[in-house]
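Here the structure is laid out as structure tokens; the discussion comes afterwards.
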Amino acid sequence: MRIASIIARILLGLAFTVAGLSGFILSFSSGPSPMPGLAGQFQTVIFQSHWVLFVDAVQFVSGLLLLANRYVPLALITSAAILFNILVFHLTMMPLGIFPGLILTVCCFLIALPLKERFIPLLAR
């Protein structure tokens, strides 16, 4: 289980670091490729309001923290928030792209399982 957790941490860290960095590159270059329907409208608003820079910064920092194996519980909490938004986006607007988000969610759970004693206080009254 320890090796699975390490592999999941590296995969999630790489995915978030690359996604955060590519978001910055897309924001300052030509922008994202167009999407159909509500997903395209949502993407337009996110990029034109520059909200994507905040999300990408959080993704990038949490990915680096996971890769460096530092502040992993904090990185997992921020990653879980971003993953939740990714899953909701794909469930509601673009169901075909949900598979990578599901894989990364499984990685998040695999990383959190050995650290469960650190997360239990979050569920206390």
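Residue by residue, what Karplus-based ³J(HN,Hα) values in Hz, rounded to whole numbers, does the stretch 116-125 have, using 6.51, -1.76 and 1.60 with θ = phi - 60° and x for Gly and Pro?
4, 5, 7, 9, 4, x, 5, 9, 6, 5
Could you work out how much longer the chain between residue 122 and residue 21 gets when fully extended? Use 0.36 nm per residue separation minus the Cα distance between them, nm to one decimal.
33.3 nm
For the chain, what is the mean residue ellipticity at 222 nm derived from helices alone (per DSSP H run of n ≥ 4: -39500 (n - 2.57); sum divided by total residues; nearest 500 deg cm²/dmol)?
The helix contribution divided over the chain gives -26000 deg cm²/dmol.
Between residue 88 and residue 3, what's the calculated FRET efficiency when r is the beta-carbon distance and R0 is 41 Å? Round to 0.05.
0.85
Going by how many other beta carbons lie within 10 Å of each one, how would you line up 1, 35, fewest first?
Fewest-to-most ranking of 1, 35: 1, 35.
Take the Cα gyration tensor of the chain, multiply each eigenvalue by 5, square-root it, and list the three semi-axes largest first, rounded to whole angstrom.
Output for the chain: semi-axes of 27, 16, 13 Å.
Arranged from highest to lowest average of other beta-carbon atoms within 10 Å per residue, in what order do the peptides 108-117, 59-68 appear?
Packing proxy ranking, top to bottom: 59-68, 108-117.
A short reminder: the numbers here are calculations on the coordinates, not readings from a lab. Everything quoted here is computed from the prediction, not taken from an experiment. Ideal geometry is used to build each Cβ from the backbone, glycine not excepted, and the neighbour counts take in all protein chains shown.
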